Every structure is written in C-alpha cells, then in structure tokens.
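K.L.:
Below you will find the structure I want to go over with you.
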Amino acid sequence: MQSSAARSVKDMELELRALIATVKAPHLATLLERTLGSDSPTWKHYRDAPAAKRYHHAYRHGLLEHSLSVAAAVSALAEIFPGIDRELALTGALLHDLGKLDTYRQLGTEIEMTDVGRLHGEIALGYARVRDGIAAIQGFPTELAQALLHIILSHHGALAHGSPVVPCTREATLVHMADNLGSKLGSFDRVQDALEAGAKWSGYDNGLGAVAFFGAVAAGSDPVDARLAA
C-alpha cells in the first residue's frame, strides 16, 4: 500500500490556496475560507486526513492530495466545456469529501472507520458539514446552496455506490467524473506499489474492478516493426 503523498504538503497547500483565490463569488469564497482557510478549525484536520481506509489515497495527507487533484481537473475542464459554473464546481470539488473528516481516523500507520462513519456514511456526514457551513453565512443564496449540496450528495454517481441522488447538473456531473478518475488512478498507484519486483500484471483489484497492467513500453524505445504497424 502506498504510504505517503506523492507531493510535499507545502506544495499542495500552495496550489490549494491559489485555486481558492480564483473563487470570487462572495458566498462561496467565504465558505471556503471558513472551511479550508489556514486559520480555520477544519484546515489542519483536512490537511492531515487520509482519503480512505484502503482503496485510494489511504495515508496521511491523502484527503488533501485527492481533493486537490479533483479540484485541479475540474478547474481545467470547466474552461473547456461550455455552460459550467466553474467556481461552483471548484468549490464542490474541494469540499466533496469533507465527510471523510468524520469517517476515518489514523492511528499510527493504521486507518480505521469511526463509529459515526459506519453508522451515517461519508456522504451524509459531508452534506451535514457543508450544510452547517452554509447556514452560518448570512444571505447565502438558496439556489446556490442547493446546487452545491447536490454536488456533495451525488458525487459517487449512482445509488448503488452510496449517493442518495445521481448527478443532475453539469457541475455535479463534472465533479463526479473527476472524482472517479482520481480514485481510479489512485488505486493504480496503490496496486503498483504492492507488485513484486519485475511483475507486470496485478491480480484482480476491487478498487479498479479489473486487473492492472504496468508493462507499457516507455517513450523512446524501439518503434514497432513497420510491417506490424501497416
């Protein structure tokens, strides 16, 4: 199992602060500052928390690394596809897994689920945290709150995967897709780290829903025979 984030915490925090600074909508900016600002009561927990017990980013700082990768992808893709409220989607991406603060705890190198995590689930816990944050901001627009909370509730993408609703907006669909991609690629990292030296194939992995292959030809190697490529 991968034991640590691929990037330094300092670098990830700098990127996070830069992304948050691009959110100009006042109510969203206030919510992000109160939740993830360097002086907020949540920040240190968010920075240090794992993102899972096993499947992806299951290590200290994993939640920050995963959320940041999802947010960066959402920010970039929102510039490509029309009709997306980038600031709403970015806020949803940064907060989509907030319930994991209450779902997991790390004891040394071990990660375990909390009682409330087992009883309520990460999506319900994240919805409650974001809803309470919204309620504390005077004049937060109702429709904006509904749109943001829909992202939190639907980010697993399907009822069978634990979301009480499926994505019904562009922003929720984008966050779900970016989250799913980040989770899958994070699982590849975990599987590769567990391979025996020289192995190219993994066994079946539940996180990937497949076996994984790590024997791709490196760039710069000999080209395929022209006869085979014809």
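The values are calculated or read from the model by the stated rules, or taken from the named source; none is laboratory data. What you see is a predicted model; the values in this text were computed from it and never measured. All Cβ positions, glycine included, derive from the backbone under ideal geometry; neighbour counts span all protein chains shown. What goes into the accessible areas is simple: the full protein's heavy atoms, side chains included, and nothing from ligands, DNA or RNA. Shrake-Rupley method; radii C 1.70, N 1.55, O 1.52, S 1.80 Å.
K.L.:
What are the ³J(HN,Hα) couplings of the range 75-86, residue after residue, when phi is run through the Karplus curve with 6.51, -1.76, 1.60 and θ = phi - 60°? Round to Hz, x for glycine and proline.
P.N.:
These are the phi-based 3J(HN,Hα) values: 4, 5, 5, 5, 7, 9, 8, x, x, 9, 7, 4 Hz.
K.L.:
Within the chain, what is the longest stretch that has no GluC sites (Glu not before Pro) placed in a DSSP loop and near at most 14 other beta-carbon atoms within 10 Å?
P.N.:
Formally, the longest exposed-site-free interval is 80-195.
K.L.:
Once both axes come from the Cα atoms, what is the angle between helix 122-135 and the longest principal axis of the chain, in degrees from 0 to 90, rounded to 10?
P.N.:
40 degrees
K.L.:
For 100, 200, 184, give the ranking by accessible area with the largest first, probe 1.4 Å.
P.N.:
The most accessible residue leads, giving 200, 184, 100.
K.L.:
How far is helix 142-154 tilted off the main Cα axis of the chain, in degrees rounded to 10, range 0 to 90?
P.N.:
Helix 142-154 sits at roughly 30 degrees to that axis.
K.L.:
With no solvent and one point per C-alpha, what does the Debye sum give as log10 I(q)/I(0) for the chain at q = 0.16, 0.17 Å⁻¹?
P.N.:
Each listed q maps to, in turn, -1.13, -1.26.
K.L.:
While we're looking at this one, here's another question. Under the Kirkwood approximation applied to all pairs of distinct alpha-carbon atoms, what is the hydrodynamic radius of the range 50-127 in Å?
P.N.:
After inverting the mean inverse Cα-Cα distance, the result is 13.3 Å.
K.L.:
Compute the accessible area per residue over the range 1-103, keeping the other protein chains in place, probe 1.4 Å, unit Å².
P.N.:
42 Å²
K.L.:
Let me ask another. What whole-number value in cubic angstrom gives the convex hull volume per residue for the C-alpha atoms of the range 90-173?
P.N.:
Cα convex hull per residue, to the nearest whole number: 107 Å³.
K.L.:
Right, another one. Using 5 Å bins from zero, what percent of all Cα-Cα pairs in the range 124-198 falls into each bin?
P.N.:
Pairs per bin, as whole percents: 3, 15, 18, 18, 15, 11, 8, 5, 4, 2, 1, 0.
K.L.:
Pairing the Cα long axis of helix 170-194 with the longest principal axis of the chain, what angle in degrees results, from 0 to 90 and rounded to the nearest 10?
P.N.:
Relative to the chain, helix 170-194 is tipped by roughly 40 degrees.
K.L.:
If you don't mind, there's one more thing I want to ask. Taking the Kirkwood radius as the inverse of the mean 1/r across Cα pairs, report the Rg/Rh of the range 1-93.
P.N.:
When Rh is taken as the Kirkwood radius, the ratio is 0.98.
K.L.:
Among rounded, prolate and oblate, which fits the range 35-85 when a ≥ b ≥ c are the square roots of the eigenvalues of its C-alpha gyration tensor, a/c under 1.5 means rounded, and a/b larger than b/c means prolate? Let's see the in-between values first.
P.N.:
On the way: a/c = 3.78, a/b = 1.53, b/c = 2.47.
Since a/c reaches 1.5 but b/c is at least a/b, the shape of the range 35-85 is classed as oblate.
K.L.:
Would you give the gap between the C-alpha center of the range 29-106 and the C-alpha center of the range 110-133, rounded to a whole Å?
P.N.:
Answer, in whole Å: 14.
K.L.:
Follow-up question, since we're still on this one. Can you pull the percent of the chain's accessible area that's carbon plus sulfur, 1.4 Å probe, other chains left in place?
P.N.:
Reported share for carbon and sulfur atoms: 56 percent.
K.L.:
Then there's this: Near residue 10, which aspartates and glutamates are there with a Cα under 15 Å away, not counting those fewer than 8 places off in the same chain?
P.N.:
48, 65
K.L.:
Next question. Using a cut-off of 22 Å between alpha-carbon atoms, which lysines can reach residue 53, once sequence neighbours fewer than 8 places away in the same chain are excluded?
P.N.:
44, 100, 184
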